[in-house]
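The values are calculated or read from the model by the stated rules, or taken from the named source; none is laboratory data. Keep in mind that this is a model prediction, so the values were computed, not measured. Every residue, glycine as well, gets a Cβ built from its backbone with ideal geometry; the counts of neighbours run over all protein chains shown.
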Amino acid sequence: MRTILIVDDDEGPLSALQEALEAYYTIVATQTLNSAISTLESKESTIDMVITDYHLGKSGTANDLIHHIRTHMYLKVRNLPILVITADKSQKYFIETQNCEFMTKPFKLAQLLESIKNKIGE
């Protein structure tokens with residue numbers, strides 16, 4: 001089973017995503033930028049995709065996480081598919097220049113599953 005790292009500083013959406021996806025994928029969930037980076041560094045061989053909220057509270061943004069992954073991680077991790085979930089449509093341009101996909105809230109589970117399947121399979 002493929003493993004997805006979900007990053008969201010808000011417990012509600014984090015739990016909802018985790019519950020929705022755990023029937024299909026192994027889920028690792030975290031609430032901060034630093035814990036996401038630590039997870040990737042310690043489990044780089046098991047994480048197949050990252051799904052992150054754009055705004056990560058005081059710890060940073062998805063752009064900070066993407067930048068760290070793309071510039072400081074091992075090659076396998078550096079090329080991970082990343083899906084940014086946001087209600088802020090103004091971030092689309094920057095996210096797209098980081099070779100990431102984005103999805104605006106609200107979205108349907110089927111839409112999310114299709115996006116994941118296109119990136120990493122079932």
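When segment 1-17 is examined, which residues are found to be touching a strand residue (DSSP E or B) at 6+ places or on another chain (Cβ under 7 Å), surrounded by fewer than 16 Cβ atoms within 10 Å (Cβ to Cβ) and without any contact (Cβ under 8 Å) to a residue 40 or more places away in the chain? Met1, the sole residue that qualifies.
Going through (1) free of Cβ contacts under 8 Å to residues at least 24 places away in the same chain; (2) under 23 Å from Glu122 (Cα atoms); (3) not polar (S, T, N, Q) one by one, Leu83 falls short only on (1). Taking residues in segment 99-122 that are basic (Lys, Arg), and partners anywhere that are in a loop (DSSP other than H, G, I, E, B) and at pLDDT 85 or above, the pairs with Cβ atoms closer than 7 Å and at least 6 places apart or on different chains are Lys119/Pro81.
Given the criteria closer than 20 Å to Asn118 by Cβ, among the acidic types (Asp, Glu), at pLDDT 85 or above and surrounded by 15 or more Cβ atoms within 10 Å (Cβ to Cβ), does Asp48 qualify? So Asp48 passes the test.
Can you name every residue in segment 84-105 that is among the polar types (S, T, N, Q), more than 17 Å from Arg70 (Cα to Cα) and at pLDDT below 80?
Applying the first criterion (among the polar types (S, T, N, Q)) to segment 84-105 yields 86, 90-91, 97-99, 104.
Then drop every residue that is not more than 17 Å from Arg70 (Cα to Cα), which leaves 86, 90-91, 104.
Ser90, Gln91 - these are the residues of segment 84-105 that are among the polar types (S, T, N, Q), more than 17 Å from Arg70 (Cα to Cα) and at pLDDT below 80.
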